[in-house]
Amino acid sequence: MNVVKPLQMDEQGMLQLKGIYLAPYIQLATALIGKSRHAGGNMFRHQIDTMGILIDYGYLDGILLKASLIHDLIEDIPGYDVQNILNIDKDSPEVLKLVMEVTKKEGQTKKDFLMDIMKNGSENAKILKCADRISNMISLGFVTDEKFIARYCDETEFFVFPIALDVDYNMYQELINLVMTRRRYLEDTDYYLRYKE
């Protein structure tokens, strides 16, 4: 199994991070603290985890990191007032645009949503979706709902692998490893044998 080595943060990277004003976006993300996840934990932690994955892969773009902190806010809080985002800083319009790109529209199927990102998403939307999926796949280690795990692995292989291949080969490699470990879990539980019956 290939292990993705984390990026060593150099002095320039540290200075770039130091100049990114993240606190107001973290504050907005706290609205997700009470929103539980199928994999356990809450949506706030998932936002922070997604941002950490981006930094781990060396993505230090302010728009991308800010959007990662609130990428599920609009989707998970019905009627969310986007003016809260737009009032933060000069980057807010671009941050909101990126968040909307990775937000599933009401009535849109997951398949259509992922297909749209795969075919029409900006590079930042694809990168953010890959980091989001890495976080989600790691969380599957705590899920015992075998059908959910199988569906998530299938979605990742069919939709997110091509997105990752398009933007970051190392993320693609990590996603492959995560899917393989989840598939092994399903094999160990005889899920595939029982599912075929």
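The values are calculated or read from the model by the stated rules, or taken from the named source; none is laboratory data. From a predicted model like this one, the values you see are computed outputs, not experimental measurements. Positions of Cβ are generated from backbone atoms using ideal geometry, with glycine treated the same way; all protein chains shown enter the neighbour counts. Heavy atoms of the whole protein, side chains included, go into the accessibility calculation; ligands, DNA and RNA do not. Shrake-Rupley method; radii C 1.70, N 1.55, O 1.52, S 1.80 Å.
Pairwise alpha-carbon distances in region 20-78 exceed 17 Å for 33% of all pairs. For the residues 71, 38, a 1.4 Å probe over the protein chains yields an accessible-area ranking, largest first, of 38, 71. Working note: 222 nm ellipticity from helices only, DSSP H runs with n ≥ 4, each -39,500 (n - 2.57), summed and divided by the residues of the chain, gives -18500 deg cm²/dmol to the nearest 500.
The per residue volume of the convex hull around the alpha-carbon atoms of the chain is 124 Å³.
In this structure, the residue pairs whose Cα-Cα separation is over 21 Å, taken from 104/126; 66/110; 35/126; 18/97; 90/129, are 66/110; 35/126; 18/97; 90/129. Residues with beta-carbon under 13 Å from that of residue 62, excluding residue 62: net charge, scoring Lys, Arg +1 and Asp, Glu -1? It works out to a net charge of -1. Of all the options 74, 20, 134, the one that moves most in a Gaussian network model of the chain with Cα springs shorter than 10 angstrom is 20.
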